[in-house]
1. If one computes the Cα centroid of region 201-254 and of region 267-326, what distance in Å separates the two points?
2. Greater than 29 Å separation of Cα atoms is the criterion. Which listed pairs, Lys210/Lys329; Lys136/Lys292; Lys141/Lys329; Lys241/Lys292; Lys241/Lys329; Lys141/Lys312, meet it?
3. Would you please put 140-150, 247-257 in order of how densely packed they are, using the mean number of other Cβ atoms within 10 angstrom per residue and starting with the highest?
4. Which net charge results when you count Lys and Arg as +1 and Asp and Glu as -1 among the other residues whose beta-carbon is under 14 Å from that of Ser105?
5. In square nanometres, what is one fourth of the surface area of the convex hull spanned by the alpha carbons of region 201-356?
6. Give me the extension gain from Thr127 to Gln254: residue separation times 0.36 nm, minus the current Cα-Cα distance, reported in nm with one decimal.
7. Give me, ordered by chain and number, the residues 5 or more places off Asn314 or on other chains with an amide H under 5 Å from its own placed amide H.
8. If you stretched the chain out fully between Asn314 and Asn234, how much longer would it get, using 0.36 nm times the residue separation minus the C-alpha to C-alpha distance?
Amino acid sequence: MGGKTCGLGRRGALVLVVLTAFAALTVAPLSSAAAPASPALSSGGNIASPTTRSAASAALAYWTPARMRAARPADVSAERAAVARATARAAGAGPEVTVYGTTGSLPVGTSGPQPRLIASAVPRPYTDRPDRLNGKVFFTKTTGGDFVCSGTVVNSQNQDSVWTAGHCVADNISHTFHKNWVFVPAYASASATGTSRPYGTWTARTLTTKNAYLNTTAPQFKEDLGVAVLNTLNGNHIVAKLGSQGIKFNALAQQNYNAFGYPQAAPFNGLSQFRCNSALLARDDPGGTGPKAMKIDCDMTGGASGGGWLIKLNATTGLGLIASHNDYKYNNDPNHMYGPYLGSDALSLYNFATAL
C-alpha cells in the first residue's frame, strides 16, 4: 500500500495507513455549487456537522457517473505507536448492548455466508440481504479531491443512518467534515464506463464522528468511527425501505466476522462488492485512546474503509450485527485487515447520531 514511512513498530519500519491510503493523482474539481455545512454540534465527546438543503442538492447533482468513476481512495497515513507507550486510557468494558436489524419493505431473497479468508466477489445483483445493505460512499475533501469509502445501513431511531469509518466522514488533518457526501446502497458497475444505483443515491443531512478522531492529528484509529444521517429519498427512510443491519457494542471480541466493502486499490477496481469471512486473529494497539483494535484475515484494499464487519449473520434473513468496520492495514501485510472495537465510545456516538 502507498504512504510514507513515519515510524517504527514492533516489526520494524511500517506504514500505518487506513484503507483509503492511495493518493489521487488526478481528481475532479470541487463543486462550485456546494454550500458550506451548518455550524457543528457537539455533545459527550461526539461531533456532528449538519448539511444544508442546498448543499445536499448540490451533492446529488455533483456525482455524475464520470465523477464517480474518477474518485479515488483518500490519502491518510499515521505514525505507528509503540505498544509500550500506553499513555492512552484503557477503556473499561461496559455492558453489552444489541440493536437488531430490520427487513425493510422491499421483497428480497437471501444468500448465505460463503466462508473464505480472502476477499470474494459478492454475486450480483445486490438485491438480497446482506448485500443491498452495503454501499459505496462518495465525498469531496474540503482540501480538494473526490474520494470513495464504504458503509453499511444500520438500524436506528431516526431510520436514516449509515455506519462507516470516521475518516469517511471527516478529515482529522484539516479538522473538517467532508462535502458532497452521498451513499449508494448496492452500488454496482458492469464496466469502468458505467454505474448502477439500483436503490438510488442518498445524500447526507448530518455527518458525525468522535471529537477524539476529528480534533487531533495523532493516531486515533481506535476511535475512527463515523455515522452518516441521511435525507429521505422520495419520501422514504432508508431503513424502512431497504432494511438494516443490527449493531452490537461491548461484544466478545472473539467472533467470526463477515467483512464487506468496495475495495478499489489494485488488484481491485471499485466496481463490485466484496466480502471476507474470518475469525478474530488478534488485538492490535495502534496508539491513541480507546480499546484495542481487532485483526482478521482479509486482503481488501483502499476504498473498503467503513464497510461493516458483521457477526451472527443469519443465512436465512441475511441480517447480522455490525461489530467493527474495515479501517487500516500495514503496508507489509496485505492479507490482514484491522478494525476498531465497538465499545462504550462507539455506543455513545451511535446514540448521539441516530437520535438526530
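1. One Cα centre to the other: 15 Å.
2. On the way: Lys210/Lys329 21 Å; Lys136/Lys292 27 Å; Lys141/Lys329 22 Å; Lys241/Lys292 35 Å; Lys241/Lys329 34 Å; Lys141/Lys312 35 Å.
Checking Cα-Cα distances, Lys241/Lys292; Lys241/Lys329; Lys141/Lys312 exceed 29 Å.
3. In descending order of packing, they fall as 140-150, 247-257.
4. Numbers: positive: Arg129, Arg132, Lys241; negative: none.
Summing Lys/Arg as +1 and Asp/Glu as -1 gives +3.
5. 9.9 nm²
6. On the way: separation 127, 0.36 × 127 = 45.72 nm, distance 3.02 nm.
Residue separation times 0.36 nm, minus the Cα-Cα distance, leaves 42.7 nm.
7. Amide H neighbours of Asn314: Leu319, Gly320.
8. Values: separation 80, 0.36 × 80 = 28.80 nm, distance 3.00 nm.
Stretched fully, the Asn314-Asn234 segment lengthens by 25.8 nm.
Coordinate-derived values only; no laboratory data. Because the structure is a prediction, the values reported are computed rather than measured. Using ideal geometry, Cβ is built from the backbone for each residue, glycine included, and neighbour counts are taken over all protein chains shown.
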